[in-house]
1. Before we move on, is Lys96 in contact (Cβ under 8 Å) with a residue 12 or more places away in the chain, within 30 Å of Leu25 (Cα to Cα) and surrounded by 13 or more Cβ atoms within 10 Å (Cβ to Cβ)?
2. Do the conditions hold for Leu121, that is, is it closer than 19 Å to Asn52 by Cα and in contact (Cβ under 8 Å) with a residue 60 or more places away in the chain?
3. How many residues does region 33-59 contain that are within 11 Å of the chain's Cα centre (by Cα), among the hydrophobic types (A, V, I, L, M, F, W, C) and surrounded by fewer than 17 Cβ atoms within 10 Å (Cβ to Cβ)?
4. Would you point out the residue of region 60-93, among those that are outside any helix (DSSP H, G or I) and within 18 Å of the chain's Cα centre (by Cα), that is surrounded by the most Cβ atoms within 10 Å (Cβ to Cβ)?
5. Of the numbered conditions (1) in a helix (DSSP H, G or I); (2) touching a Phe, Trp or Tyr at 6+ places or on another chain (Cβ under 8 Å); (3) at pLDDT below 80, Tyr57 satisfies every one except a single condition; which is it?
6. Any chance you could count how many residues in region 11-43 are in contact (Cβ under 8 Å) with a residue 60 or more places away in the chain and basic (Lys, Arg)?
Amino acid sequence: MKYIFIILGVLVLWVVFIYNSFVTLVNRTKEAWADIEVQLKRRYDLIPNLVNTVKGYAAHESSAFENVTKARAMALGASGVAEKGQAENMLTGALKSVFAIAEAYPELKANQNFLALQQELSDTENKIQSARRFYNGNVRDLNIKMESFPANILASIFHFSKMEFFDLAEGDAAQNPVAVKF
């Protein structure tokens, strides 16, 4: 009888430990996603300033600016990891076209405001990549734990669900160079 209580006690402690580890992983993943959103917000705030600076030098390139504005609006309105990833890929491609336009204007490339915005945007892109790696690492850990036996049994009992990676899809604009035509 004594051994049954010991076995039950160990089993209860094990369930509590596994449950708490799931809670920890889910919360770390949510925190990592919040970090991505902070950096994306910073990126969205920088884009209008960058576009306005470039517009002053290349006003006739309105389609590129419209594409950036549309992509930014889509990214701001996106919800969910997959939709946000797709919108971010479109925005990255649109931004590449603006930077390609800037290459054609030497006086713009020398403009201090443009250079500062370009540096800020580059720094933000690096922070987004870092936050994405941190988020995806947490998602990987959570998903592995949810698929591993016997934790997968408790995950289904307590209704924990797998989370999506924040990745670039194959063939997206962020992975391919943008063709700029003058």
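1. no
2. Yes.
3. Total meeting the criteria: 2.
4. The residue in question is Ala78.
5. Exception for Tyr57: condition (1).
6. 3
The values are calculated or read from the model by the stated rules, or taken from the named source; none is laboratory data. These numbers come from a predicted model, not from an experiment. Because the Cβ atoms are built from the backbone with ideal geometry, glycine has one as well, and the counts that use them run over all protein chains shown.
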